[in-house]
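Below is one structure, written out as structure tokens; comments come after it.
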Amino acid sequence: MTHNVIIIGAGISGLSAALAILQRGSHVTLLDRGATGGESSWAGGGILSPLLPWDYAGPVSALALRSMAGYADWVADIEAISRQNAEFWRCGMLALDVAEPDQAQAWCATHGMAAYIDCRRTLNLAPDTRKQNCIWLPEVAQVRNPRLVAALRAAVLSLGGVIHEHCPATGVLTQSGRVTAVQTATDTFPADSVVLATGAWSGMGLAELGAMPQIRPIRGQMLLFKLEPGVLDTILYHNGLYLIPRRDGHILAGSTLEDAGFDKSTDAATLRRLHSDAAELLPILAGMQPVQHWAGLRPGSPGNIPVIDRHPDFDNVFVNAGHYRYGVTMAPAAAELLLDLMEGRTPTLDPAPYRWQAALERAWSGCF
Ligand SMILES: Cc1cc2nc3c(=O)[nH]c(=O)nc-3n(C[C@H](O)[C@H](O)[C@H](O)COP(=O)(O)OP(=O)(O)OC[C@H]3O[C@@H](n4cnc5c(N)ncnc54)[C@H](O)[C@@H]3O)c2cc1C
């Protein structure tokens with residue numbers, strides 16, 4: 001293991017890598033062009049599962065399921081180090097109007113995920129909300145992602161990591177197929193190893209390192225409502241829309257999948273549509289105004305399969321990017337795979353689907 005690691009990007013992908021590397025005894029410096037975790041990792045919903053897990057390719061399930069199995073312990077470790085609460089909550093997820101519920105349930109059984117075809121839980125909801133073909137996934141959990149990011153930041157700092165915010169990496173110095181330092185506008189940071197965790201910006205690359213294959217921003221708009229605690233006690237999913245309750249009564253409604261470049265603006269038509277879809281699921285929302293409306297840029301990748309690999313041209317550069325809709329979910333297992341590769345161990349997960357070359361060979365189809 002090298003001893004001076006520079007991580008470019010302090011979202012959840014960079015922070016989770018930093019934590020794992022620090023716990024191995026190396027020095028870590030994170031550079032972020034903005035605030036720690038201020039991009040997609042802040043903007044997301046914090047559901048710790050693919051939305052309809054049976055709809056995704058094997059490499060998505062492999063990373064997600066490995067993370068999900070250990071997430072509670074991972075968060076507990078972060079909370080113990082940081083003394084901050086990330087609000088992990090195994091609140092379950094109820095998916096409504098599932099196309100092939102028997103097949104979905106069979107997939108869950110094969111993959112060790114509890115799943116019940118059961119619409120009784122919708123009886124607490126208004127009559128219009130009662131749906132057919134419901135699948136109840138009681139083990140699905142959530143974190144309050146802004147709080148997880150804050151806890152991760154505190155844990156990284158308390159383990160001796162250094163974070164430079166508002167400090168974009170602008171280039172690297174190279175020698176004989178290795179990067180020797182990362183440059184910013186004002187400083188040069190010597191590096192034994194570099195990790196690129198630049199989220200939606202990964203497709204732009206840094207001059208000498210080139211762009212990471214196929215990664216591009218996919219905008220998601222979210223609404224936030226504030227109710228009394230306890231109105232909703234599980235994640236609801238229906239036809240692309242989800243509602244996520246927080247313990248303090250906040251409810252998030254999301255999200256859109258928009259190919260709009262690096263534009264993070266929101267629009268009134270989307271607000272109206274999200275609000276009306278959310279109210280169809282939970283009618284009490286019809287009479288309420290959202291307390292916040294925002295957009296974030298997911299690091300989109302074909303098939304939702306991230307790149308976790310050594311850089312093809314630079315031996316001491318590694319990539320952890322492109323987790324698209326599930327970067328919060330995948331964070332622990334992605335960091336574990338990254339560490340296995342950095343330390344030259346045989347990974348627990350098959351690394352082949354996450355290789356740079358494999359990403360080059362995948363094609364985009366729409367936003368998915
Ligand atoms: C609306 C929405 C809902 C979501 N819901 C969920 C969900 O419920 N569950 C789930 O698992 N996932 C969800 N996601 C996806 C998840 O948020 C992302 O996959 C994850 O946050 C990606 O983390 P990241 O660290 O790779 O990227 P980011 O959090 O975007 O971090 C990348 C960082 O790199 C920095 N950076 C880029 N270039 C440079 C540079 N040159 N120099 C320095 N810094 C640089 C950026 O400033 C940024 O802070 C959602 C995302 C959105 C937008």
> Restricting attention to the stretch 235-251, which residues are under 13 Å from residue 46 (Cβ atoms) and either open to solvent by 10 Å² or more (accessible area, probe 1.4 Å) or of a type in the set (D, E, K, R) (or both)?
Replying inline: 242, 246, 247, 250
>> Being more than 15 Å from the ligand (Cβ to nearest atom), aliphatic (A, V, I, L, M) and under 30 Å from residue 170 (Cα atoms): is that true of residue 30 here?
In response: no
>> Looking at the stretch 145-164 only, could you name the residues that are open to solvent by 30 Å² or more (accessible area, probe 1.4 Å) and of a type in the set (Gly, Ala, Ser)?
In response: 150, 158, 160
> If residue 217 passes every condition in (1) within 22 Å of residue 28 (Cα to Cα); (2) within 11 Å of the ligand (Cβ to nearest atom); (3) of a type outside the set (Phe, Trp, Tyr) but one, which one does it miss?
Replying inline: (1)
>> Here's a check for you: in the stretch 14-27, which residue that is open to solvent by less than 20 Å² (accessible area, probe 1.4 Å) and within 16 Å of residue 334 (Cβ to Cβ) is farthest from the ligand (Cβ to nearest atom)?
In response: 21
>> Could you check the stretch 23-77 and list, in sequence order, the residues that are in a helix (DSSP H, G or I) and aliphatic (A, V, I, L, M)?
In response: 43, 60, 62, 63, 64, 65, 68, 69, 72, 75, 76
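Restricting attention to the stretch 243-266, which residues are of a type in the set (D, E, K, R), more than 12 Å from the ligand (Cβ to nearest atom) and touching a strand residue (DSSP E or B) at 6+ places or on another chain (Cβ under 8 Å)?
246, 247, 259, 263
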> Being acidic (Asp, Glu) and under 30 Å from residue 290 (Cβ atoms), is that true of even one residue in the stretch 160-175?
Replying inline: yes
> Quick one: is residue 204 within 14 Å of residue 256 (Cα to Cα) and within 12 Å of the ligand (Cβ to nearest atom)?
Replying inline: no
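If you scan the stretch 301-316, which residues turn out to be in a helix (DSSP H, G or I) and open to solvent by 10 Å² or more (accessible area, probe 1.4 Å)?
If the condition is that a residue be in a helix (DSSP H, G or I) and open to solvent by 10 Å² or more (accessible area, probe 1.4 Å), then 303 is the only one that fits.
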> Within the stretch 191-222, can you find the residues that are in a strand (DSSP E or B), farther than 21 Å from residue 295 by Cβ and open to solvent by 40 Å² or more (accessible area, probe 1.4 Å)?
Replying inline: none
>> Test of understanding: among 254, 261, 296, which residue is on the phi > 0 side of the Ramachandran plot, in contact (Cβ under 8 Å) with a residue 40 or more places away in the chain and within 19 Å of the chain's Cα centre (by Cα)?
In response: 261
> Could we say that residue 62 is open to solvent by 20 Å² or more (accessible area, probe 1.4 Å), more than 21 Å from residue 18 (Cα to Cα), modelled with pLDDT of 95 or more and of a type in the set (Gly, Ala, Ser) here?
Replying inline: yes
> If you take the residues in the stretch 317-347 that are surrounded by 19 or more Cβ atoms within 10 Å (Cβ to Cβ) and either in a loop (DSSP other than H, G, I, E, B) or small (Gly, Ala, Ser) (or both), which one is nearest to the ligand (Cβ to nearest atom)?
Replying inline: 327
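The values are calculated or read from the model by the stated rules, or taken from the named source; none is laboratory data. Predicted model, so just to flag it, every value in this text is computed and none were measured. Cβ sites come from the backbone with ideal geometry, for glycine too, and all protein chains shown count toward neighbours. These area figures cover heavy atoms from the full protein model, side chains too; ligands, DNA and RNA do not enter into them. Shrake-Rupley method; radii C 1.70, N 1.55, O 1.52, S 1.80 Å.
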